[in-house]
Amino acid sequence: MSGNSTRDTQWPRFELFQQEQPGKPHVNVGSVHAPDGEMALLNGRDVFVRRPECHNLWAVPARQILARTAMELAADDGWLDVPVPPDAAPQLYRIFQKTTQRRSMNYVTHVGDLEARTAEEALKLAQRRFAAADVFVWWIVPAAAILVSDEDQVESLFRPARDKTYRQPQAYRTLSQMQEIKRTTPT
Amino acid sequence: MSEAAQLQQFEERIARGEKIEPGDWMPEKYRQQLIRMISQHAHSEIVGMLPEGAWITRAPNLRRKMVLLAKVQDEAGHGQYLYHAAETLGISREEMIDALLEGRAKYASVFNYPTLNWADNAIIGWLVDGAAIKNQTMLARCSYGPYSRAMVRICAEESFHMKQGKEMVIQYAQGTPLQRQMVQDALNRWWWPTLMMFGLPDSESYNSPQLIRWGIKTRTNDELRQEFVNELVPELSALDLAVPDPELRYDEESGNWIYGPIDWDEFWQVVKGNGPCNEERLRARRQAHEDGRWVREAMLAYAEKQEAGLVV
């Protein structure tokens with residue numbers, strides 16, 4: 001029997017971001033485990049794109065993401081004092097937010113990018129640049145850590161879901177079938 | 001901030017309808033209850049692939065085969081959504097999978113009953129998935145963000161599971177006497193295990209009050225069970241199928257279909273491992289885990305070579 005020590009299935013966790021159509025923002029749909037980024041994208045496709053619509057997927061190792069809820073930021077502002085290493089070069093960070101408490105299958109949404117030397121600095125800048133009435137959650141993701149699905153694989157990876165109409169509830173006429181049966185059956 | 005003040009703030013947030021997210025403060029009991037519920041739910045999705053999965057190769061036609069394959073694939077995905085939701089609470093998927101494979105974990109006892117013929121898939125789709133949707137629709141309103149999101153995603157997908165089953169039951173009910181007999185037999189065997197899926201009666205469900213106060217559940221077991229029975233009985237009777245409950249009666253005053261006593265001794269027997277298929281289900285899971293080992297090893301070896309720059 002596989003014990004906890006074997007690390008048999010506990011591969012690194014990757015967060016997945018799905019873009020439904022070109023021009024729409026990437027949104028976090030959930031996570032998968034995978035031994036590498038390539039497998040993370042494939043697992044992500046199997047787990048999150050069994051149905052349309054998807055144009056592009058991003059996978060990011062979870063440990064590379066700076067995630068902070070509004071509660072965490074209010075409770076502890078120690079992150080503001082995280083020093084910037086003297087040799088830290090500016091790099092691009094992608095900024096994600098959760099701004100609603102409405103019921104949803106998705107979590108944070110990509111709102112824009114900025115350059116900073118550390119993730120904490122990026123968060124500080126983002127709070128000004130992407131200020132919104134209610135930001136419940138911030139995710140700061142280094143752009144260099146994002147694995148992107150190939151544009152030329154859109155057809156083979158994501159389009160087949162469109163033809164699998166039997167996965168959609170609209171493909172079944174059970175409601176009208178039952179209405180018809182009840183109408184024609186003497187009670 | 002003191003623990004009492006944190007608890008007060010936490011309960012106020014839930015009362016306002018805010019979601020609790022990973023990283024937010026939460027009482028230890030809330031975290032433990034959620035790990036218990038979400039991991040059991042994840043295991044149920046994974047074990048739930050088995051009763052129907054056995055019929056994929058014996059589907060009566062290509063359409064039914066594609067539909068069943070898609071449904072079972074969905075259950076695998078649902079298990080992953082849920083393991084990942086539980087992981088945000090500080091348990092690892094591997095710990096949960098180990099608990100399942102070693103027989104320490106619970107899962108929905110309904111999956112310990114056998115699927116004897118194709119009509120069972122029809123009844124499972126309509127009744128078992130229908131009952132699961134009732135529970136999951138409630139849980140989509142759960143106060144814990146990751147569980148709620150997993151449930152919203154799952155409900156959107158389960159709707160097709162229920163409808164494909166119902167479509168088949170309708171077809172059987174309008175078929176030959178032998179086909180009608182097949183689906184009636186399946187209904188007779190699955191009706192009571194389905195009602196047990198909603199859990200113990202409210203009078204004996206000790207976890208419920210706190211789960212409701214913390215917005216994990218928003219309705220009770222008996223409420224959901226009654227709503228399910230009220231919806232199913234008129235539909236089954238329109239199809240001229242008999243509910244296997246001699247005491248079933250309509251109560252004018254409440255508008256409820258009152259069902260007879262549920263055999264909770266049977267429920268506990270199955271939960272304790274003495275159901276018709278408990279051993280078979282665990283054996284199949286362990287076998288699948290062993291059969292997949294070489295794939296996991298190959299994936300890891302490839303990742304390591306890639307890391308070392310040995311992949312060209």
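Derivation of every value follows stated rules applied to the coordinates shown; laboratory data play no part. Computed from a predicted structure; not experimentally measured. Methodologically, a virtual Cβ is constructed for each residue, glycine included, from the backbone with ideal geometry; neighbour enumeration extends over all protein chains shown.
Using 7 Å Cα-to-Cβ label points, what is the residue B:290/residue B:181 separation (nm, one decimal)?
Here the modelled spin labels are 4.1 nm apart.
Among all the aspartates and glutamates, which ones have a C-alpha under 16 Å from residue B:305's C-alpha, if same-chain residues fewer than 8 places away are not counted?
Cα-Cα hits under 16 Å: A:36, A:38, B:297.
Take the alpha-carbon centre of region B:25-59, take the same for region B:88-136, and report the distance between them in whole Å.
6 Å
Highest mean first, what order results for A:147-160, A:87-100, B:35-48 on Cβ atoms within 10 Å?
Order by mean packing, descending: B:35-48, A:87-100, A:147-160.
Taking R0 as 30 Å, what's the FRET efficiency between residue B:188 and residue B:61 from their Cβ-Cβ distance, rounded to 0.05?
With a Förster radius of 30 Å, E is 0.70.
How much mean residue ellipticity at 222 nm does chain B get from its helices, if each DSSP H run of length 4 or more adds -39500 (n - 2.57) and you divide by all residues, to the nearest 500 deg cm²/dmol?
The helix contribution divided over chain B gives -20500 deg cm²/dmol.
Using R₀ = 56 Å, calculate the FRET efficiency as 1/(1 + (r/R₀)^6) where r is the Cβ-Cβ separation of residue A:91 and residue B:252; round to 0.05. It would help to have the intermediate numbers written out before the result.
Numbers: r = 71 Å, r/R0 = 1.27.
Efficiency computed from Cβ-Cβ geometry: 0.20.
What FRET efficiency comes out for the pair residue A:163/residue B:28, r = Cβ-Cβ distance, R0 = 35 Å, nearest 0.05?
0.15
Pairs to check: A:98/B:217; B:71/B:134; B:29/B:217; B:71/B:166; A:164/B:106; A:182/B:217. Give those whose C-alpha atoms are more than 25 Å from each other in this structure.
A:164/B:106; A:182/B:217, as the Cα separations exceed 25 Å there.
Run the quick spin-label model on residue A:184 and residue B:99: label points 7 Å from Cα toward the beta carbon, then report their separation in nm to one decimal.
About 5.1 nm, to one decimal.
For the protein assembly as shown, what percent of Cα pairs sit more than 46 Å apart?
When all Cα pairs of the protein assembly as shown are counted, 15 percent exceed 46 Å.
Testing the spin-label approximation: label points 7 Å from Cα along Cα→Cβ at residue B:223 and residue A:144. State their distance in nm.
5.3 nm
Would you tally the net charge around residue B:219, using a Cβ to Cβ cut-off of less than 14 Å, leaving residue B:219 out, and scoring K and R as +1, D and E as -1?
Once all neighbours under 14 Å are counted, the net charge is +1.
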